[in-house]
Amino acid sequence: MAEQKKLLRALAGETLEVPPVWMMRQAGRYLPEYRATRAQAGDFLSLCYNPELAAEVTLQPIRRYGFDAAIVFADILLLPQALGADVWFVTGEGPRLSTVTSASDFNKLTGVDGIHETLNPIYETLKILKSELPKETALIGFAGAPWTVATYMIAGRGTPDQGPAHALKSTDRETFQNLIDLITEGTISYLSAQIEAGAEVVKLFDSWAGSLKGADFNDFALAPTKRIISQLKARFPHIPVIAFPREAGDAYLGFAKATGADCLAIDTKVDLAWAAKELQKDGCVQGNLDPKLMVEGGDRLISETKRIKEALSNGPHIFNLGHGITPDADPANVDVMLKALRG
Ligand code: CP3
């Protein structure tokens, strides 16, 4: 039997001497070859919807660094676009979307059944990757978690405190819940199609989970994640799921068990001794190097890499950053990190 990919072994609960490693946003602007391909594609969305070029930028960090996983090049805001929202990116500023702040805005969105026409290029990218990736490299598909996607759809942009989404949640609960439910069903359908196209693992990015507290966290971070995972597991029991309820703090505790996630991705604020004791008993833990160290480099990058490896060495662990690598990171620092990790 062919030896199983390291990433899949860690996700299945195996403790490995050297953990598998990949980086959030590993295909991105810190790499000169990414900037060149992006220039060729035109804008960012054109790159996402161009299977040949999207596969190319997905492969670039694999060629350069030999990561244990590739994540399909796409964005969490493609699903809103497929649901009928207008989406565009303003260079240097970030995403912009048409807003959903009323029942009438919500009613203009399309149903889940129509999304695949827009999202088909992402499935094509996955098929190309499946045939071109080295045999030891796992292929990850992804989507945004419903709350995080809703925050962008409601505000029409990224917000520091997700204020508009919190406001809709309290002033028009019905529209807010309808939006969460639509994104939840869309995500189940989108991730199912990614798996059918070749994704071996899927990840849910809940980047703004930390701004939900108490019952809101349970209703809008935990419950939709649980529904998505249970529907996926019913259809694809062998496909592991990584959940990333970023900055959930104490609410990380029990999240894997409650949602059925195989792995929790932890942000930079999570204490590692606590994660080793409380989270690794429920499954794999992924994280949590500070992305700033990829800019800074030097001895601290080496010592922090070794500290994380050591702290999580008694259970299943995937080495990663606590959030995405930034455009000002030095590509040479990735080599420094890999050497510290792999020896
Ligand atoms: O990780 C990877 O390499 C795969 C591709 C990927 C991208 N976005 C590409 C991207 C993934 C997994 C994402 C997820 C994503 N997108 C999240 C969740 C993770 C997180 O960072 O919290 C969010 C919130 C988004 C929405 C989004 N996309 C924003 C807010 C921005 C603008 C900010 C920025 O970094 O420019 C994007 C753009 C984006 N998505 C870029 C990339 C490589 C930069 C676009 C460019 O080339 O100009």
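Numerical summary
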{"item": "Condition check for D206: buried (at least 18 other Cβ atoms within 10 Å of the Cβ), touching a residue at least 60 places away in the same chain (Cβ under 8 Å) and in contact with a Ser or Thr (Cβ under 9 Å, 6 or more places away or on another chain)", "result": "yes"}
{"item": "Among residues of segment 5-36, those that are within 13 Å of the ligand (Cβ to nearest atom) and either buried (at least 20 other Cβ atoms within 10 Å of the Cβ) or outside any helix (DSSP H, G or I) (or both), counted", "result": "11"}
{"item": "Matching option when the condition is over 17 Å from the mean Cα position of the chain (by Cα), under 29 Å from L133 (Cα atoms) and not in a loop (DSSP other than H, G, I, E, B), among K233, K257", "result": "K233"}
{"item": "Extreme residue, farthest from T148 (Cα to Cα), among residues of segment 175-210 that are within 12 Å of the ligand (Cβ to nearest atom) and assigned to a strand (DSSP E or B)", "result": "V202"}
{"item": "Tabulated pairs, segment 320-336, first closer than 15 Å to S207 by Cα and assigned to a strand (DSSP E or B), second modelled with pLDDT of 95 or more and away from the ligand (no atom under 12 Å from the Cβ), C-beta under 9 angstrom, 6+ apart or interchain", "result": "L321/T268; L321/N288; L321/L289; L321/D290; L321/L293; L321/M294"}
{"item": "Positions within segment 115-163 being closer than 20 Å to W88 by Cα and surrounded by fewer than 19 Cβ atoms within 10 Å (Cβ to Cβ), in sequence order", "result": "H116, E117, T118, N120, P121, G156, R157, G158, T159, P160"}
{"item": "Test: residue in segment 156-169 that is more than 16 Å from the ligand (Cβ to nearest atom), assigned to a loop (DSSP other than H, G, I, E, B) and charged (D, E, K, R)", "result": "no"}
{"item": "Qualifying residue in segment 62-77 (condition: within 19 Å of the chain's Cα centre (by Cα), within 12 Å of the ligand (Cβ to nearest atom), part of a helix (DSSP H, G or I) and of a type outside the set (G, A, S))", "result": "yes"}
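The values are calculated or read from the model by the stated rules, or taken from the named source; none is laboratory data. Quick caveat: nothing in here was measured; it's all calculated off a predicted structure. Glycine also receives a Cβ, built like all others from the backbone with ideal geometry; neighbour counts cover every protein chain displayed.
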